[in-house]
Amino acid sequence: MIRYYERQKTFWLRGKSYDYVMYVNGAGFLQNLHYGGRIDENDLGELIRRGDLLCPPQNVNGELALDAMPGEYGFFGRGDFREPTAVIERHDGASMSRFRYVSHEIRNGAPRLKGLPHARSADATLAVTLRDDFSPSEITLYYVVFDGSDALVRYAELKNAGSEPVRLKRAFSFCNELPSGDYKMLRLFGAWATECRVETTQIGRGVTRLQSLRGVSSYGLNPFAAIMRDGCTETQGECYGAQLVYSGNWAITAEKSFSGSVRVQGGVNDFGFSWELGAGETFVAPQAVLCYSGEGLGQLSREYADFIRERIMRPEFACSHRPLVANNWEATFFDFNAEKLLPIIDGAAELGADTFVLDDGWFGERNFDNAGLGDWVVNTEKLEGGLKTLIERCKKRGLKFGLWFEPEMVNEDSELFRAHPEWVIAKAGVEPVRGRNQLVLDLTRPEVVDYIFNSVSKILSENDIAYVKWDFNRDLTEFYSASIPANRQGEFAHRFILGSYNLMERLTSAFPEVFFEGCAGGGRRFDAGVLYYFPQIWTSDNTDGFERTRIQWGTSLCYPVSAMSCHVAACPNHQTGRTTPLNTRCVVASLGATGCELDCSKLTDGEKAEIKSHIKNYKQIEELVLRGDLYRLSNPFETNMFCEMLVSKDKTKAYVAGEVFLGGPFGGYANVLRLRGLSERKTYKIEELGIIASGRTLAVLGVPVPQLGDFGAWAWHITESEE
Ligand code: DGJ
């Protein structure tokens, strides 16, 4: 709901449980009055009275009085000494600005952002236009609301309405002021094979900044932050989320002022950024999804999960059956031929998988990671008969066929590089940095995007391919393109990601029936921007049954479990060398879009039986993975037990899965898991334990934790009981 009170010049935005109120204050600034839990509309007068105290109108012109004003967009050089949301440098070099309200518009639905991923549908959008007092620059702030949701999408459009060019030196997407208080900031950090670790620290005075300068959203830090009010936990208290729908260099900052209020803002990273706006041109900053929860982090995560499934993912794939993949990567790495792959396909079919995915190594001279990238032509020496032989065998066994690509990359030892050495990101005379022996293609050049589109399209249209795994195995360096003028190199990083989005948009539109999975050496590019094109992402290269509990826990903070590819792999684990029971690997992999990452042709009968039963179990719970609500019961970062629970929206079914670690809790009634998310009034049966009890009892008394050895896991199926 969006309402405008004409007399008070107040905008009232309302979601499922939050209110967001702002007004045009006496000085003409757009000022926040409230963001948080539901309040009473009759108290608007009181809100305004408090707002006026923070920005007395008489003090504004010529006085340094803006530091305490909770502005909806921070500006620079006119008495607000906090970090601004935008910095616009004019042709004469001046960059002070002061934006005041000009007009607004309330529209139905959601705006479509050309070239950028965005919320696909919405109930209403408020667009408020502000104009600079000192230059012909305009900013339009967008607020997109969703009935029945606590997500609020924000973004901004900056316009040069003058006749001289201007340069944007910062153009964040949103500015959000939280009232004075003690807050903590939670972030997801990591590295290759240890994605999405959770760290929470107090927000002190000054600026706390999360960012990526890797050219991709990155596993260093995920483009997300949760700002938690003191006392907020998994199950209670207030918190705010800020998630960027963006996959390039980004920043989210939280600045605590002298008064204790916290200004949260973010968008495209301004470090190394600049953007030239010619007369009449506009710059659209990527969308950010803010979210409010009055019931702890768990509720915040559920809101984000619903939002991404319902508004970000391609609707035809969001909640429908996911390919149950058997992937050959960990089975063969680069060392395969048709003879080796055919039994793996047979084995995959026997296990109950429905898609076989041929990973890296099928093209060009690709026998290791130092050659072939960029040459999307089947290596028929390795694969006699081309892909057809494999696809035929898949069909015969009732499987679909999927294929790996890494479209944005190139090896120097490739036909593509030999033909077009100028197409890589590099600066003449400077040795480029290599990552995994590869260079990155310069996607700021439209001819490069066209070339990749055509060569990938050729393979997809000549073969019966149902699934694409789209990889991206290194970060960006150099940040330079010879095709961009010297004074506009600051546009490179953003233009690169616009090139990637363009490629993703074109390929997913040209092959709408193909299921695309994102990947970037695991979770290097796990973000809402990628999820707009690819409904699922390879969560991590770490397939270890213990490490996965932490990676999946962290990732679930702001992404749905269905966005995570979770495969059962062999032991000892290729990444950690650890051995965990097969059942444990299966249980953990059932808490996401499951599949297999092992040699299906070399399993013992016992292993086959266990994986078959895992796949059968998964089919039974897939609805919960796709549409259910996640309740995180036991935190693997804080305890020696991991446990998560999925509950159907109608609360008739649930699935609880967990694992105990070294020195884990011993069973018996001393250790219980209190179930959450069930209906207090319904009676449930826990299949495996024979327990029949009400949702209320299961929440209050809990259920005994099973007695298991190190890395032992369990899974319970819960249904509403008629008994
Ligand atoms: C990194 C991915 O994360 C792996 O799953 C695999 O596809 C390799 N790249 C292939 O090079």
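The values are calculated or read from the model by the stated rules, or taken from the named source; none is laboratory data. All values derive from a computational prediction rather than experimental measurement. Glycine also receives a Cβ, built like all others from the backbone with ideal geometry; neighbour counts cover every protein chain displayed. SASA here: full protein model, heavy atoms, side chains in, ligands and nucleic acids out. Shrake-Rupley method; radii C 1.70, N 1.55, O 1.52, S 1.80 Å.
Numerical summary
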| item | result |
| --- | --- |
| Accessible-area composition of region 115-213, carbon plus sulfur, in percent [1.4 Å probe] | 47 percent |
| Radius of gyration, Dmax [the chain; alpha carbons; angstrom] | 26.4, 82 |
| Highest average packing first - 519-532, 208-221, Cβ atoms within 10 Å | 519-532, 208-221 |
| For region 641-720: span of alpha carbons on each principal axis (Å, largest first) | 36, 21, 18 |
| Paramagnetic label zone (point 7 Å from Cα along Cα-to-C-beta, Glu350; backbone N under 16 Å) in region 600-640 | 600-615 |
| Accessible surface, the chain, averaged per residue in Å² (probe 1.4 Å) | 35 Å² |
| Separation of the Phe258 and His91 label points, Cα + 7 Å toward Cβ, nm | 3.9 nm |
| Ranked packing of 304-314, 367-377, most packed first, by mean Cβ within 10 Å | 304-314, 367-377 |
| Between region 505-570 and region 321-365, the alpha-carbon center distance in angstrom | 18 Å |
| Column: log10 I(q)/I(0), Debye, Cα scatterers of region 77-148, q = 0.21, 0.22, 0.27 Å⁻¹ | -0.95, -0.98, -1.16 |
| Structure-based [θ]222 nm, the chain - -39500 (n - 2.57) summed over DSSP H runs of at least 4, per residue, nearest 500 | -6000 deg cm²/dmol |
| Alpha-carbon centroids, region 228-242 and region 125-139: separation in whole Å | 33 Å |
| Virtual spin-label span in nm between Arg436 and Arg674, 7 Å along Cα→Cβ | 4.4 nm |
| Rotationally averaged projected area of region 316-538 (alpha carbon convex hull; nm²) | 11.9 nm² |
| Relative contact order (%) - the chain, alpha-carbon pairs under 8 angstrom, separation at least six | 10 percent |
| Apportionment of accessible area to carbon and sulfur, region 316-538, percent (1.4 Å) | 52 percent |
| Region 316-538: antiparallel DSSP beta bridges as a percent of all, rounded to 5 | 25 percent |
| Chymotrypsin sites (Phe, Trp or Tyr not before Pro) lying in DSSP loop within region 230-285, provided at most 15 other Cβ fall within 10 Å | Phe258, Phe271 |
| Listed pairs Lys382/Lys458; Lys114/Lys184; Lys458/Lys612; Lys469/Lys649; Lys400/Lys469 exceeding 24 Å between Cα atoms | Lys114/Lys184; Lys458/Lys612; Lys469/Lys649 |
| Carbon and sulfur %, accessible surface of region 641-720 computed with the full protein complex present, 1.4 Å | 55 percent |
| Contact order normalised by residue count of region 367-509, Cα under 8 Å, 6+ apart, percent | 30 percent |
| Simple Cβ-charge dipole of the chain, Lys/Arg +1 and Asp/Glu -1, about Cα centre, in debye nearest 20 | 1100 debye |
